[in-house]
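Read-outs throughout are calculated quantities, based only on the coordinates presented, and are distinct from any laboratory measurement. These numbers come from a predicted model, not from an experiment. Here the Cβ positions follow ideal geometry from the backbone for every residue, glycine too, while neighbour counts run over all protein chains shown.
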């Protein structure tokens, strides 16, 4: 049985506006809305999945738009920044110009752990970075969305290193290395790089050790949780047993239909998830029309009328149209 964690699966964040984040990710960042559904634990809340062309695990950034929540506050004990992979250093220069063109706040191209990156933020002050795969070895990237307005040579091809800012570095390091079996591969100042499996940008968590910051507060503009890939249900059950034995607060087995998962508290206020690679987002939709209408797993289909009354109308009928 293959029980090893394979890398990053998805990151889920909170947004103030499903409509704005849809525009931001499809029209500006060039990712595909592969799934428009609801939070299965809160049916009044949209859950949007943005991925590569095929909805591949390791390429999806997802968003909740909880009604009436406040803006989050940055700080320690939080998943603080999400990376997106591009093919090479040249692509970062393209993005530097594009972000400027769209008046998106960003910094200069910089280097950390031998790889070029470009930090930016969205309208909610959610923190991201683009990272170059030019010197990357490890987990393969995804497939650029064919209807994107971004040239394929410059397109985002998956999730890159996810940053977790922590106060208690020793505990967080222990969870990554002794529990989840990551290995520490580099350090620069307060940043510590950890990799799993094949390693590389698609299988990296970076711990930032900060004792000088206040604790982060949940809200839009902050990340809700980070999910890591496992092969299948058997592998997930292995990890559920291990996490239970170690007495980490956890959800137990959860069937999300598109994948199965378990959530656990990895360190104070930091929520990790382990999620299976399949079945995938095209279980209930075709490739040609994914994301165009509200998709509900079978267990929720009998509540469709109720759910559609709860969630405000949100038109994604153009989800598969070529972006200009």
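Quick one: count up the residues across the range 290-307 that are surrounded by fewer than 13 Cβ atoms within 10 Å (Cβ to Cβ) and either under 22 Å from residue 21 (Cα atoms) or without any contact (Cβ under 8 Å) to a residue 12 or more places away in the chain (or both).
First, the residues of the range 290-307 that are surrounded by fewer than 13 Cβ atoms within 10 Å (Cβ to Cβ): 298-299, 301-302, 304-306.
Those still in the list that are either under 22 Å from residue 21 (Cα atoms) or without any contact (Cβ under 8 Å) to a residue 12 or more places away in the chain (or both) too: 301-302, 304-305.
So the count comes out to 4.
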- Within the range 118-153, track down each residue that is more than 21 Å from residue 9 (Cα to Cα) and in contact (Cβ under 8 Å) with a residue 40 or more places away in the chain. 122, 123, 124, 125, 134, 146, 147, 148, 149, 150, 151, 153
- Failed item in (1) in contact with a strand residue (DSSP E or B) (Cβ under 7 Å, 6 or more places away or on another chain); (2) surrounded by fewer than 19 Cβ atoms within 10 Å (Cβ to Cβ), with residue 26 passing the rest: (2)
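Quickly run through the range 122-137 and pick out the residues that are more than 15 Å from residue 26 (Cα to Cα) and buried (at least 17 other Cβ atoms within 10 Å of the Cβ). Let's see the steps before the verdict.
From the range 122-137, those more than 15 Å from residue 26 (Cα to Cα) are 124-137; that's our starting set.
Scanning the range 122-137 gives 124, 126, 127, 128, 129, 130, 131, 132, 133, 136.
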- Pull up the range 186-199, narrow it to residues that are more than 22 Å from the chain's Cα centre (by Cα) and assigned to a strand (DSSP E or B), then point me to the one that is farthest from residue 216 (Cα to Cα). 186
- Note on the structure: Taking the range 138-171 and keeping residues over 17 Å from the mean Cα position of the chain (by Cα), within 30 Å of residue 75 (Cβ to Cβ) and surrounded by fewer than 24 Cβ atoms within 10 Å (Cβ to Cβ) leaves 167, 168, 169, 170, 171
